[in-house]
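Report on the structure given below.
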């Protein structure tokens, strides 16, 4: 696991410690916060919801973090950003200013085959990613699909099939993938290790970080969330 560096720290501390120009690509799954009374009530009922750990991170703050990744990447690089459909307008407004350096080119979607997420008017049974570029990159492993159908997993965990698409797009073998918001599943870290990419990421919450490390060590999602359990691997 020498090429997998998953830290327990604030995203700003992580970005300050990454060498400029060293990153092949960025894949971000931000902890979106929902602001209406109905949203807040729904979110409060989701145990371990990411937004409860990142109270200050509205669209503008997330955009600021991801704009800061621009100089950490090489001259030709990708940024992939996960978001839900209800947050699309908020994200557009947050990145509309002259200080947003990344250039939008395309996107993709994950259709959940076994359940719904948060939704407005439509049930939220799909999520999207937006793909941005710096310079003129080309997909590292050739053209990839932009549509994935896969089961819904643990809260905020993305399926490996979708992450394969993004990792194979943004970084060649041995390239460094930056994950500003790692979460408790270590899903992107696990994908990078399996595909032979280097990884650096941050999870600010100590409990979630501990569960992520246990997932990296091979425990299942259920085992990694069991309170007070000793790790199976010492």
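Can you list the strands (runs of 3 or more DSSP E) found entirely within the stretch 124-234 that contain at least 3 residues being touching a strand residue (DSSP E or B) at 6+ places or on another chain (Cβ under 6 Å), surrounded by 15 or more Cβ atoms within 10 Å (Cβ to Cβ) and at pLDDT 95 or above? It would help to see each step written out before you state the result.
On the way: elements: 126-134, 147-150, 176-179, 198-202.
By residue number, 126-134, 176-179, 198-202.
So, residue 30, is that one at pLDDT 90 or above, in a loop (DSSP other than H, G, I, E, B) and under 27 Å from residue 148 (Cβ atoms) or not? Break it down into steps so the answer makes sense when it comes.
Details: at pLDDT 90 or above: yes; in a loop (DSSP other than H, G, I, E, B): yes; under 27 Å from residue 148 (Cβ atoms): yes.
Yes; evaluated as a whole, the condition is true for this residue.
Which of (1) closer than 16 Å to residue 179 by Cα; (2) crowded, with 16+ Cβ neighbours inside 10 Å does residue 90 not meet, given it meets every other one?
(1)
Collect the residues in the stretch 4-21 that are under 12 Å from residue 201 (Cβ atoms) and touching a strand residue (DSSP E or B) at 6+ places or on another chain (Cβ under 6 Å), keeping them in residue-number order.
4, 5, 6, 7, 9, 11, 14
What is the number of the single condition among (1) out of contact with any strand residue (DSSP E or B) (no Cβ under 9 Å at 6 or more places or on another chain); (2) modelled with pLDDT under 95 that residue 88 does not meet?
With respect to (1) out of contact with any strand residue (DSSP E or B) (no Cβ under 9 Å at 6 or more places or on another chain); (2) modelled with pLDDT under 95, residue 88 is out only on (1).
How many residues are part of a helix (DSSP H, G or I) and within 22 Å of residue 146 (Cα to Cα) if we restrict to the stretch 67-85? Steps first, answer last, please.
To start, the set of residues in the stretch 67-85 that are part of a helix (DSSP H, G or I) comprises 67-68, 70-72, 85.
Now drop any that are not within 22 Å of residue 146 (Cα to Cα), which leaves 85.
Qualifying residue count, the stretch 67-85: 1.
The values are calculated or read from the model by the stated rules, or taken from the named source; none is laboratory data. Note that this is a predicted model, so its numbers are computed, not measured. Glycine gets a Cβ as well: all are built from the backbone with ideal geometry, and neighbour counts include every protein chain shown.
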